[in-house]
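J.: Sharing a structure below in structure tokens format, with a few things to ask.
The values are calculated or read from the model by the stated rules, or taken from the named source; none is laboratory data. The structure displayed is predicted, hence computed values, not measured ones. Cβ placement follows ideal geometry from the backbone for every residue including glycine, while neighbour counts extend to all protein chains displayed.
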Number of protein chains: 2
Amino acid sequence: MTNLKDIEISQATPLEPIEKIAAKVGLSPTDIEPYGHTKAKITLPLPGQHELGKLVLVTSINPTPAGEGKSTVVVGLGDALNRAGHQTVLALREPSMGPVMGMKGGATGGGYAQVVPMEDINLHFTGDMHALTEAHDTLAALIDNHIHHGNALNLDPRQIVWKRVLDINDRELRQTVVGLGGRTSGTPRQDGFDITVASELMAVLCLSEDLTDLKRRVNRILIGYTYDREPVTVADLKVGGAITLLLKDAIKPNLVQTLEHNPAIIHGGPFANIAHGCNSVLATQTALQLGDFAVTEAGFGADLGGEKFMDIKTPVLGKTPDAVVVVATIRALKYNGGVKRADLEQENVAALKQGSANLKRHIKSMQQYGVPVVVAINRFTSDTDAEVAALTAEVDALAVPAATTTVWADGGAGATDLAEKVVTATQQPKDFHRLVPAGADLMTQMTAITQKIYGGAKVELSGKAQRQLKTFAKQGWDKLPVCMAKTQYSLTDDAHQLGAPTEFTIHVREFAPRLGAGFVVALTGNVLTMPGLPSHPAALDMDIDAEGKITGLF
Amino acid sequence: MTNLKDIEISQATPLEPIEKIAAKVGLSPTDIEPYGHTKAKITLPLPGQHELGKLVLVTSINPTPAGEGKSTVVVGLGDALNRAGHQTVLALREPSMGPVMGMKGGATGGGYAQVVPMEDINLHFTGDMHALTEAHDTLAALIDNHIHHGNALNLDPRQIVWKRVLDINDRELRQTVVGLGGRTSGTPRQDGFDITVASELMAVLCLSEDLTDLKRRVNRILIGYTYDREPVTVADLKVGGAITLLLKDAIKPNLVQTLEHNPAIIHGGPFANIAHGCNSVLATQTALQLGDFAVTEAGFGADLGGEKFMDIKTPVLGKTPDAVVVVATIRALKYNGGVKRADLEQENVAALKQGSANLKRHIKSMQQYGVPVVVAINRFTSDTDAEVAALTAEVDALAVPAATTTVWADGGAGATDLAEKVVTATQQPKDFHRLVPAGADLMTQMTAITQKIYGGAKVELSGKAQRQLKTFAKQGWDKLPVCMAKTQYSLTDDAHQLGAPTEFTIHVREFAPRLGAGFVVALTGNVLTMPGLPSHPAALDMDIDAEGKITGLF
């Protein structure tokens, strides 16, 4: 193991020109648009015909402060598959800058399993996130401007559902009053800001098949209601063309490389706790077209990103996974078994066994879809052999293949065994089936997810949510797919309940129709759509010197 | 004349690869960072040694709804100089997207005198504006986060002077209340949003000599005051490194081309009515290093951008203009002479003569700096020969060379005469002198600008401004350069007073110390730092089709 920081490893590795990475998957310099010398956007549609490769979805147990390293495993697995001679392309999510400035820990893998240039990917990258912010807030300005200039659509300022966004963790903006200052400065009303990755436009971008589909979805977006409680959409405001125009480059997938110079497509990044949590359909499709294997991830645990990948993304993608990898660490399972953060370095087989209930729950969830599951045990130096043996035995008992990985320290060489087991899994017959039939109502969907994925008992609606369901039935929105907004830390809607609780109830306090994305978000518990910064934000330790050398970025 | 729209002309002209444009000024592919195939950032410092070329500043009369076409003349003049065999590089400002979505009329020239790709330059371009927004609002979030987590600096939430920004015309955000929602969602306080180009970070970026200077300036920025009324800066908050890091790419000048395939550097774009109104020092320096001539512009009229170019930018740039071009149109001067907008097509020599007082005022202003002035009469088809003759006579009487241009219809070929007169002007001896000695106090500076540039009589301070001046004297801020925030439509602080009024008073309602930029903004009249959208915003007419073809963007 090395003591180098992620950014030091990244800075010490010479990158290959992006044209060379593109050439590895058959793309010529005119098939891409460079952004600097090591990033590019891919021009779609791709030239020529392509057979689709095998699709590998990487998901994980519930995240803990102990760390799971899902992105690191994704990168290491991709490199391992490439080392084994399988042309493999990654499809990953773009980091949000909000958490980057707040918490230590990037979204680009770590150690020797990183996508690079990590400092650019973690910051402005190719501008997709900013284009989404600009498009979202331009729409907000156009709504208030419409009200200001005569309000021909009869929009009720008390019923605007289109908030504003920034790609920043800024609790101060969660709840605001805007439009103060008198007649010339708009209409006073309650408003608030979400983080950009929670914008419906992010979900729309990630689910769009092309520019035409993007515009169709943008036009469908619900922005508010009239004084007569009739829904008003972007199409009514006649700005679907302008908002789509603002996303003309953001819709193109981005190409970068791993530290081992293998191609990685990084595009779109809704959070999985408040949105659907998967990179764009176009990115995954492109990876499938360019690789024999496409390795992709879904945000947070299998209960959130995993479920949404299966239930929301695959119907649009037109392809289901050939294998699912569930990532776990001994540390995180011990944490789930009740060990305090400070004691995670000590061997504790009993706690590990207890906490592994969380892993088992997620394995079972994914198996219900009829796809082969492989477990990746992402090994830390503090893990003891007894602990690894105990965990392997637990997984063996489920007849699920498991492999330990050391990708942080060893890159692709640390996932040789995992790669083999994944290849074998993708060769097994699969029998994909959905949790609920298409067209099931929201309550049926939520109950199925609660019982079959979370391991809970039932769903309870607040008074407001109940009233909303009645309205939705009239509007024809009651059979759209549901997108659960739930804490990532627990299978329940209470972040403090670790392990694998049973018999619990999921409390839905409110629904948010996302007609452009084509789903209804069910907000449970206290999920925040605008995070805050910690008392010592990562920004305090960041710096750049006269030569442009960066420090403190993880 | 053609009936094609600007974007149609732009789309019909095949662009050269940006590497080829770079090669024209001796830059190799490794000296630039491509953003797509027709945009790039220039890596600084430039390789090798460079002698500085001649500097030509283009400014104008007060803008009117009739249109002056300053940017169009800049582009046409650059192309004409290149046609005449003088290697010329443009240095221009980046458009703000707020006005782009609001008003018809781009910031990239027009007709056959455009910088391209206009649709990219007018929209997200290379992301500089978004990086500034992100950096500005991240700083705002860090300030509120500091207060939320114990407020060790004793910041007074009622005295935070660092507002938030968006690159959007959104009057609804001018005055807000933030931090609502209880203990976990920040501290309730009054706040508001400016447009990004009004951010001090934009001014800081435009005045920085390199990354080190940028960080020094960022650290100096005033963010608010303690409960004991002591100033608090970014350095006190210890996030100067992080904010500078967020601007690491934004500080690099952008290279594009004119329709005639000549190099244009477009970088930085503070508005001239609320900020200093010039493209970045680095862009102008780079243009001077790469060209025998560098043609640059300053925002709005000579009273705003022109004065600030001379008094704020040249001391940092270390170079003063070798010639100043003042652009006027017959239409705009007739408007200044009292003709209504609907009647501008009709010949009216009397009104033209009366309105030309505005032009004369600006010529005189610029001449006071001791630099040769040339007048460019940007000809419209409706201008009659009698009008052109009358205006030429007016200018001749001042012994100032004048040339008519037809750059909109003819590109560089429409500015042959202007180019010749500009070259001659730059060969004249110049005797640059400042309006006031360096280190003059704010009142002396403002009075000199009011009398010598605006043609007015005196400056009056509000009670608040008077109290501020006393505090500034204690803080040592009273001898910083002043940056006047004033309406662009009039030489006075009242937008409705056209022509060349005299004996008027400039009313300063408030000062805003911009310690990072190194100046104090004097807010006069009712200058808005956050514009609104019109009743029919340009966004309503924009569209993009399945193939990515854009319509409605001017």
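J.: Of all helices (runs of 4 or more DSSP H) completely enclosed by the range A:1-86, which ones contain at least 2 residues that are over 26 Å from residue A:317 (Cα atoms)?
T.: On the way: elements: A:6-12, A:18-24, A:70-83.
Output list reads A:6-12, A:18-24.
J.: How many residues are under 21 Å from residue B:479 (Cα atoms) and not aliphatic (A, V, I, L, M) if we restrict to the range B:307-323? Give the derivation first.
T.: Of the residues in the range B:307-323, the ones under 21 Å from residue B:479 (Cα atoms) are B:307-318.
Filter again for not aliphatic (A, V, I, L, M), leaving B:307-309, B:311, B:313-315, B:318.
Total meeting the criteria: 8.
J.: Same structure, new question: Being without any contact (Cβ under 8 Å) to a residue 60 or more places away in the chain and in contact with a helix residue (DSSP H, G or I) (Cβ under 8 Å, 6 or more places away or on another chain) is the filter here, so list the residues in the range B:198-212 that pass it. Show your work before the answer.
T.: Within the range B:198-212, the subset without any contact (Cβ under 8 Å) to a residue 60 or more places away in the chain is B:211-212.
Hit for the range B:198-212 is B:211, nothing else.
J.: Give just the number: which of (1) over 23 Å from residue A:232 (Cα atoms); (2) surrounded by fewer than 23 Cβ atoms within 10 Å (Cβ to Cβ); (3) of a type in the set (A, V, I, L, M) does residue A:512 not satisfy?
T.: The one condition residue A:512 does not meet is (1).
J.: Restricting to the range B:101-130, what's the tally of residues that are in contact with a Gly (Cβ under 7 Å, 6 or more places away or on another chain) and of a type in the set (A, V, I, L, M, F, W, C)?
T.: Summing the residues that are in contact with a Gly (Cβ under 7 Å, 6 or more places away or on another chain) and of a type in the set (A, V, I, L, M, F, W, C) in the range B:101-130 gives 3.
J.: Filter the range B:191-225 down to the residues that are among the polar types (S, T, N, Q) and in contact with a strand residue (DSSP E or B) (Cβ under 6 Å, 6 or more places away or on another chain), then identify the one that is farthest from the other protein chains (Cβ to nearest Cβ). Full working, then the answer.
T.: From the range B:191-225, those among the polar types (S, T, N, Q) are B:196, B:199, B:208, B:212, B:219; that's our starting set.
Filter again for in contact with a strand residue (DSSP E or B) (Cβ under 6 Å, 6 or more places away or on another chain), leaving B:196, B:199.
Values: B:196: 10, B:199: 14 Å.
Checked the range B:191-225; the qualifying residue farthest from the other protein chains (Cβ to nearest Cβ) is B:199.
J.: In this structure, is residue B:15 under 23 Å from residue B:297 (Cβ atoms) and surrounded by fewer than 22 Cβ atoms within 10 Å (Cβ to Cβ)?
T.: Details: under 23 Å from residue B:297 (Cβ atoms): yes; surrounded by fewer than 22 Cβ atoms within 10 Å (Cβ to Cβ): yes.
The answer is yes for residue B:15.
J.: Also, I was wondering about something else. Looking only at the range A:147-156, decide whether some residue is in contact with a Phe, Trp or Tyr (Cβ under 7 Å, 6 or more places away or on another chain), crowded, with 24+ Cβ neighbours inside 10 Å and modelled with pLDDT of 95 or more. Working first, answer last.
T.: Within the range A:147-156, the first condition is being in contact with a Phe, Trp or Tyr (Cβ under 7 Å, 6 or more places away or on another chain), and the residues that meet it are A:154, A:156.
Of the ones still in play, those that are also crowded, with 24+ Cβ neighbours inside 10 Å are none.
Within the range A:147-156, not a single residue is in contact with a Phe, Trp or Tyr (Cβ under 7 Å, 6 or more places away or on another chain), crowded, with 24+ Cβ neighbours inside 10 Å and modelled with pLDDT of 95 or more.
J.: Can you find a residue in the range B:545-553 that is under 24 Å from the mean Cα position of the chain (by Cα) and hydroxyl-bearing (Ser, Thr, Tyr)?
T.: Start the filter on the range B:545-553 by keeping residues that are under 24 Å from the mean Cα position of the chain (by Cα), which leaves B:553.
If we keep only those that are hydroxyl-bearing (Ser, Thr, Tyr) too, we end up with none.
No, the range B:545-553 contains no residue that is under 24 Å from the mean Cα position of the chain (by Cα) and hydroxyl-bearing (Ser, Thr, Tyr).
J.: Being out of contact with any His (no Cβ under 8 Å at 6 or more places or on another chain) and closer than 17 Å to residue B:263 by Cα is true for just one of B:98, B:48, B:85, B:69. Which residue is that? Before you say what the answer is, go through the steps one by one.
T.: Numbers: B:98 fails: closer than 17 Å to residue B:263 by Cα; B:48 fails: closer than 17 Å to residue B:263 by Cα; B:69 fails: closer than 17 Å to residue B:263 by Cα.
It is B:85.
J.: Across the range A:295-309, what is the total count of residues that are outside any helix (DSSP H, G or I) and either among the basic types (Lys, Arg) or over 12 Å from residue A:324 (Cα atoms) (or both)? I'd like the intermediate steps shown before the answer.
T.: Taking the range A:295-309 as the starting set, the residues that turn out to be outside any helix (DSSP H, G or I) are A:295-301.
If we keep only those that are either among the basic types (Lys, Arg) or over 12 Å from residue A:324 (Cα atoms) (or both) too, we end up with A:299-301.
So the count comes out to 3.
J.: Name, by its number, the condition in (1) under 15 Å from residue A:59 (Cβ atoms); (2) free of Cβ contacts under 8 Å to residues at least 40 places away in the same chain; (3) buried (at least 19 other Cβ atoms within 10 Å of the Cβ) that does not hold for residue A:320.
T.: Failed condition: (2).
J.: I would also like to ask the following. State the number of residues belonging to the range B:20-42 that are surrounded by fewer than 17 Cβ atoms within 10 Å (Cβ to Cβ), within 14 Å of chain A (Cβ to nearest Cβ) and either in contact with a Cys (Cβ under 7 Å, 6 or more places away or on another chain) or not small (Gly, Ala, Ser) (or both).
T.: The number of residues fulfilling the criteria is 2.
J.: For the structure I just gave you, tell me whether residue A:359 is in contact (Cβ under 8 Å) with a residue 24 or more places away in the chain, in a loop (DSSP other than H, G, I, E, B) and either surrounded by 24 or more Cβ atoms within 10 Å (Cβ to Cβ) or of a type in the set (A, V, I, L, M) (or both). Let's see the steps before the verdict.
T.: On the way: in contact (Cβ under 8 Å) with a residue 24 or more places away in the chain: yes; in a loop (DSSP other than H, G, I, E, B): no; either surrounded by 24 or more Cβ atoms within 10 Å (Cβ to Cβ) or of a type in the set (A, V, I, L, M) (or both): yes.
Answer is no for this residue.
J.: Restricting the search to the range A:130-171, which residues are within 8 Å of chain B (Cβ to nearest Cβ), in a helix (DSSP H, G or I) and hydrophobic (A, V, I, L, M, F, W, C)?
T.: A:131, A:140, A:141, A:142
J.: Now for a different question. Condition test on residue A:398, is it touching a residue at least 24 places away in the same chain (Cβ under 8 Å) and outside any helix (DSSP H, G or I)? Working first, answer last.
T.: Numbers: touching a residue at least 24 places away in the same chain (Cβ under 8 Å): yes; outside any helix (DSSP H, G or I): yes.
In short, yes.
J.: What residue, among those in the range A:544-554 that are crowded, with 18+ Cβ neighbours inside 10 Å and either of a type in the set (Val, Ile, Thr) or without any contact (Cβ under 8 Å) to a residue 60 or more places away in the chain (or both), is nearest to the other protein chains (Cβ to nearest Cβ)?
T.: Step one: of the range A:544-554, the residues crowded, with 18+ Cβ neighbours inside 10 Å are A:544, A:550, A:553-554.
Next, only the ones that are either of a type in the set (Val, Ile, Thr) or without any contact (Cβ under 8 Å) to a residue 60 or more places away in the chain (or both) stay: A:544, A:550.
Working: A:544: 4, A:550: 6 Å.
Looking at the filtered set, the residue picked out is A:544.
J.: Would you mind stating whether residue B:115 is more than 9 Å from chain A (Cβ to nearest Cβ) and crowded, with 22+ Cβ neighbours inside 10 Å?
T.: On the way: more than 9 Å from chain A (Cβ to nearest Cβ): yes; crowded, with 22+ Cβ neighbours inside 10 Å: yes.
Yes.
J.: Is there a residue in the range A:267-283 that is more than 18 Å from the chain's Cα centre (by Cα) and among the β-branched types (Val, Ile, Thr)? First the steps, then the outcome.
T.: Let us first name the residues in the range A:267-283 that are more than 18 Å from the chain's Cα centre (by Cα), namely none.
Checked the range A:267-283: no residue is more than 18 Å from the chain's Cα centre (by Cα) and among the β-branched types (Val, Ile, Thr).
J.: Hey, can you tell me all the residues within the range A:303-352 that are modelled with pLDDT under 95 and among the aromatic types (Phe, Trp, Tyr)?
T.: A:335
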